[in-house]
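Worksheet: the structure to be examined is printed underneath.
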Amino acid sequence: MTPERPEPIRFDPATADTRWQQVWDEHQSFRADVTSAKPRSYVLEMFPYPSGRIHIGHVRNYTMGDVLARYKRMRGFEVLHPMGWDAFGMPAENAAMEKGVHPGGWTRSNIANMKAQLKRLGFALDWSRELATCEPEYYGQEQALFLDLYAAGLVYRRESTVNWDPVDMTVLANEQVIDGRGWRSGALVEKRKLNQWFLKITDFADELLEGLSTLDKWPEKVRTMQENWIGKSQGLQFRFKPVAPLEEDIAVYSTRPDTLFGASFVAIAADHPIAQAMAKDTPEAGDFIAKCKQGGTTAAELETAEKLGFDTGLKVVHPLDETWQLPVYIANFVLMDYGTGAVFGCPAHDQRDIDFARKYGLPVTRVVADGGKTNPVFEGGEAYTGPGRLVNSRFLDGLDVPAAKAAVIAQAEAEGWGEGKTVWRLRDWGVSRQRYWGTPIPFIHCEVCGVVPVPKKHLPVVLPEDVTFDVPGNPLDRHPLWKHVDCPQCGHAARRETDTLDTFVDSSWYFLRFASQPDDRPFDPEAIKRWLPVEQYIGGIEHAILHLLYARFWTRALARIGKVEVTEPFASLFTQGMVTHETYERKNPENGQPVFFSPAEVERTAEGAALKADGAPVEIGRVIKMSKSKKNVVDPDEIVAKYGADAIRWFMLSDSPPERDLPWSEAGIEGCWRFVQRLWRLFGQYDAEAIGTDAALARKTHQTVHAVAQDIEALGFNKAVARIYELTAATEKAGPSANRSAAIRALLLLAAPMMPHLAEEAFAVFGEGLVADAAWPEVDPALLVDDEVTVAVQVKGKLRDTLTVAKGTPREELERLALASDKVQRALDGAEVRKVIVVPDRLVNLVA
RNA sequence: GCGGACGUGGCGGAAUGGUAGACGCAGGGGACUUAAAAUCCCUUGAGCUCAGCUCGUGCGGGUUCGAGUCCCGCCGUCCGCACCA
């Protein structure tokens, strides 16, 4: 420390942040060089929808990715860390309808705003690769890929049902249907059938499922969700023969054909043809079917809803015993669109079936032994679904469940009344949207030639700009000119497809386009080979199924048609937690409804919180995800303006593990701001000339550098932050030495990925260029191990004393020292030591 | 209902089966200051007969020399969902 150095002034993010952001821009510091000889690393965060403002959740997401990207650069990697915009979607059309703006103009100005916001946070992004899915350069290439998939037979058309709003004359998304009514018109929504485009994701069900097992760096939770979504089940599909007056067979599918001798009824869906036919001349059946359609459709509602059945009076014959007849029920828990829309019930071994059987007084026969229980009369209301030997099942008796399944399937196939079948829950991906603001589907409908793909040389099919939103319906469909074209095959007047693609298509390949952006094709396969798979993908858990499954599918589809080699696009996935905040509310005295207040309107007091406007208390509600409706939001821009980018970045990384929720607090950000300044003061004490050694601090420094690196690589940012605090405190306390200067320098470099502006400002004094180009500090492995250790001394497992000894002290010596301790002797109280456990360098446990 | 995750001070959270509570926030006391801010120092799981001891990681058992961590059974909270046959 040099005494004459002036008292360091405060670090001023208001000037420093923008200054360094400009320098990085000018140096193109974060531009990924595809020709680099360095090892490559592709770090990607899920790109945002340009809603208009950056949300604090984005800040958390992008800060995590940024720390990793900057760290990887410091470790010598050529890093690809791009950013773009998932720019098509309904909010732009809603804005157009509400505010009379053009979706394109609205979206592009949102992008400009949000880009400026991201820049103010100092993210190390390669902006030269920025893309927006709403631009023809992007969606035109998407159209080309769609045509490739069509040519490969992976795209087809079929009829499918949509939600139709009869007042607005428009198709509604599920989220636009509220309690069965259109969200704008309030009209009762109707089901309508339209010809729609589909992608054959079911062709990939098996490989998408198999592929999950290779994704060992994905959260278990996400893999489980995808596995359940794909939903592979193996079982028997077979037919029950009818008993007059029933005329046709009833086809059923079961994953438990082994329990066929325990069958006591057959249940069909309300939509089943037999049920529909019956409704025509039996009013009671019609009433029951109508009743089935009431109520919610979510799993939780359906699962907990009462099981209802209607006895049709019809009978079918048991396939394994011609003399055995089973009653046919219409049941509210059978779904027409899964399997065959009919099941057989084996109450003893299926909970739903036993609920149903007990309610309607149907037989419940045990066919799988539950331990020693083999009695055919099954007692109680709880089904036995565990393993066991088959009983009361004729030729199956004595077999275990898997063997019995195989035996029944073999019998069915031999006798020709059924066959083993794999059924998937996954359905083909419907990608048609009857909307303007999306990628036009590149097809033309010709009365002569049928559906004709737009020739690639005519791509992109560009959205018309002159559209209006003042009348309901699809603007593309009612545009006076756009859809009228000549057939590319026969030249006759024809009509463009006016459906656009689901925006999930746009996000299914953007990570490929980031790797290279040629004008004449979607991507350069060589660039894909170099950069893909994404080494670390980071985003919200809300995309655990759809986006991630579609992106995996799209990549595999491109691999199948030879466009890419990679099959799994994201080697490692991380799903971050939400940013939460407490809510402030009062009950409206008139109707008892809660009224929410924003954090800006509220002041925390010693007792709780009060409204600034009237000084009276407000209730502090639960800590929940920030949402506009609960008003518990904070604007990242305001935080950056007040505390600077580094403080908010530091907050995003501190305390909470990144996969868990992070509670925002004013006190927390204040603490981060103070730490930024504290580091600044410490950096100001750097003295290149300092001499003398401080072995303990040197050791602590190297241990911290090593540990922080490991923490960052494991995305354990909160732990890395804690270690930086520790080294900071130790360095502050240490007297001047060469090692102290080294510690300060190391701290600066450790902090650089997290607080890059502060780090640049302090590093500038060193005259070594940009910290953005600096290397991670070297670690001396010799300094990672302590030469002195603290050994715990326990008596019967309870801590009684600690010993500070040289590392590697022999067991006998540790035992002798432990027995010599007064505290130990007191705890032993003369008892004889019967056993001694010694864990070298850790503990001695004396058992008396 | 099913699937998954989680449960540790006032709060966020640390802890390869080996000293529970690192680190941060908040609180208490003090220094500096005319004062404030900023900064620095000390302190903070609970209890007791307080140089010490006892209890303590949702609850009840178990395994172990030793359990926050492993096993069994409960309770609670959160997330996801598609009646999956």
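The values are calculated or read from the model by the stated rules, or taken from the named source; none is laboratory data. Predicted model, so just to flag it, every value in this text is computed and none were measured. We place every Cβ from the backbone using ideal geometry, glycine too, and count neighbours over all the protein chains shown. Note: areas computed on protein heavy atoms with side chains; ligands, DNA, RNA excluded. Shrake-Rupley method; radii C 1.70, N 1.55, O 1.52, S 1.80 Å.
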By residue number, the members of the range A:541-572 that are among the small types (Gly, Ala, Ser) and open to solvent by 10 Å² or more (accessible area, probe 1.4 Å) are A:Ala559, A:Gly562, A:Ala571, A:Ser572
Run A:Gly808 past the list (1) free of Cβ contacts under 8 Å to residues at least 60 places away in the same chain; (2) crowded, with 17+ Cβ neighbours inside 10 Å; (3) part of a loop (DSSP other than H, G, I, E, B) and report the number of the one that doesn't hold. (2)
Pairs please, first residue from the range A:813-840 and open to solvent by 70 Å² or more (accessible area, probe 1.4 Å), second anywhere and in a helix (DSSP H, G or I) and away from RNA strand B (no atom under 11 Å from the Cβ), Cβ atoms under 8 Å, 6+ apart in sequence or on different chains. A:Gln825/A:Leu819
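Only residues that are open to solvent by 20 Å² or more (accessible area, probe 1.4 Å) and either touching a strand residue (DSSP E or B) at 6+ places or on another chain (Cβ under 6 Å) or touching a residue at least 24 places away in the same chain (Cβ under 8 Å) (or both): list them for the range A:340-367, please.
Across the range A:340-367, the qualifying residues are A:Thr340, A:Val343, A:Asp350, A:Gln351, A:Arg352, A:Asp355, A:Lys359, A:Tyr360, A:Leu362, A:Pro363, A:Thr365.
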Among (1) part of a loop (DSSP other than H, G, I, E, B); (2) loosely packed, with under 14 Cβ neighbours inside 10 Å, which single condition is A:Val779 missing? (2)
Residues that are away from RNA strand B (no atom under 12 Å from the Cβ): find the strands (runs of 3 or more DSSP E) completely inside the range A:181-257 holding 3 or more of those. A:190-199, A:232-243
Given the condition within 20 Å of A:Leu208 (Cβ to Cβ) and modelled with pLDDT under 85, answer yes or no: does some residue in the range A:590-606 qualify? no
Can you name every residue in the range A:812-848 that is assigned to a loop (DSSP other than H, G, I, E, B) and either touching a strand residue (DSSP E or B) at 6+ places or on another chain (Cβ under 6 Å) or of a type in the set (D, E, K, R) (or both)? A:Ser821, A:Asp829, A:Glu832, A:Val833, A:Arg834, A:Asp841, A:Arg842
Criterion (in contact (Cβ under 8 Å) with a residue 12 or more places away in the chain and open to solvent by 10 Å² or more (accessible area, probe 1.4 Å)) met by exactly one of A:Gly65, A:Gly84, A:Gly100: A:Gly100
Starting from residues that are under 24 Å from the mean Cα position of the chain (by Cα) and not polar (S, T, N, Q), keep the ones in the range A:130-161 and report whichever is surrounded by the fewest Cβ atoms within 10 Å (Cβ to Cβ). A:Glu130
Selection from the range A:360-388 of residues that are at pLDDT 85 or above, in contact with a Gly (Cβ under 8 Å, 6 or more places away or on another chain) and outside any loop (DSSP other than H, G, I, E, B): A:Tyr360, A:Thr365, A:Val368
Exactly one condition in (1) crowded, with 16+ Cβ neighbours inside 10 Å; (2) more than 36 Å from the chain's Cα centre (by Cα) is false for A:Ile691; which is it? (1)
Residues (in a loop (DSSP other than H, G, I, E, B), touching a residue at least 60 places away in the same chain (Cβ under 8 Å) and open to solvent by 10 Å² or more (accessible area, probe 1.4 Å)) located in the range A:39-50: A:Met46, A:Phe47
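Let's see how each residue does on (1) of a type in the set (Gly, Ala, Ser); (2) under 16 Å from A:Trp218 (Cβ atoms); (3) within 16 Å of RNA strand B (Cβ to nearest atom); (4) not in a loop (DSSP other than H, G, I, E, B):
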| site | (1), (2), (3), (4) |
| --- | --- |
| A:Glu526 | no, no, no, yes |
| A:Arg530 | no, no, no, yes |
| A:Gly539 | yes, yes, yes, yes |
| A:Leu549 | no, yes, yes, yes |
| A:Arg552 | no, yes, yes, yes |
| A:Thr555 | no, yes, no, yes |
| A:Ala559 | yes, no, no, yes |
| A:Lys563 | no, no, no, no |
Sort out which residues of the range A:460-484 are surrounded by fewer than 18 Cβ atoms within 10 Å (Cβ to Cβ) and farther than 20 Å from A:Gln196 by Cα, and write them in order of number. A:Val462, A:Pro464, A:Glu465, A:Asp466, A:Thr468, A:Asp470, A:Val471, A:Pro472, A:Pro480, A:Leu481
Only unsatisfied item for A:Ala707, checking (1) in contact (Cβ under 8 Å) with a residue 24 or more places away in the chain; (2) more than 9 Å from RNA strand B (Cβ to nearest atom), is (1)
Taking the range A:266-277 and keeping only residues that are more than 11 Å from A:Ala342 (Cβ to Cβ) and either outside any loop (DSSP other than H, G, I, E, B) or β-branched (Val, Ile, Thr) (or both), one is left with A:Gln276, A:Ala277
Hey, A:Asn739 within 48 Å of the chain's Cα centre (by Cα), away from RNA strand B (no atom under 11 Å from the Cβ), open to solvent by less than 50 Å² (accessible area, probe 1.4 Å) and polar (S, T, N, Q) or not: yes
Of the numbered conditions (1) in contact with a Leu (Cβ under 6 Å, 6 or more places away or on another chain); (2) of a type in the set (S, T, N, Q); (3) open to solvent by 70 Å² or more (accessible area, probe 1.4 Å), A:Thr214 fails exactly one; give the number of that condition. (1)
Of all residues in the range A:504-524, which are part of a loop (DSSP other than H, G, I, E, B) and among the aromatic types (Phe, Trp, Tyr)? A:Trp509, A:Phe514, A:Phe523
Residue list for the range A:306-339, restricted to those being more than 16 Å from RNA strand B (Cβ to nearest atom), open to solvent by 40 Å² or more (accessible area, probe 1.4 Å) and farther than 23 Å from A:Asn392 by Cβ: A:Asp311, A:Gly313
Out of all the residues in the range A:796-821, which are more than 9 Å from RNA strand B (Cβ to nearest atom) and in contact with an Asp or Glu (Cβ under 8 Å, 6 or more places away or on another chain)? A:Val805, A:Ala806, A:Lys807, A:Gly808, A:Thr809, A:Ala818, A:Ser821
Return the only residue of A:Lys72, A:Lys115 being charged (D, E, K, R), part of a helix (DSSP H, G or I), touching a strand residue (DSSP E or B) at 6+ places or on another chain (Cβ under 9 Å) and more than 25 Å from A:Asp519 (Cα to Cα). A:Lys72
Name the strands (runs of 3 or more DSSP E) wholly inside the range A:393-474 in which the number of residues that are of a type in the set (A, V, I, L, M, F, W, C) and modelled with pLDDT under 90 is 1 or more. A:418-424
Looking at (1) of a type in the set (Val, Ile, Thr); (2) more than 9 Å from RNA strand B (Cβ to nearest atom); (3) open to solvent by less than 60 Å² (accessible area, probe 1.4 Å), which is the only condition A:Val793 fails? (2)
Taking the residues in the range A:495-527 that are open to solvent by 40 Å² or more (accessible area, probe 1.4 Å) and among the basic types (Lys, Arg) as candidates, determine which candidate is nearest to A:Arg129 (Cα to Cα). A:Arg521
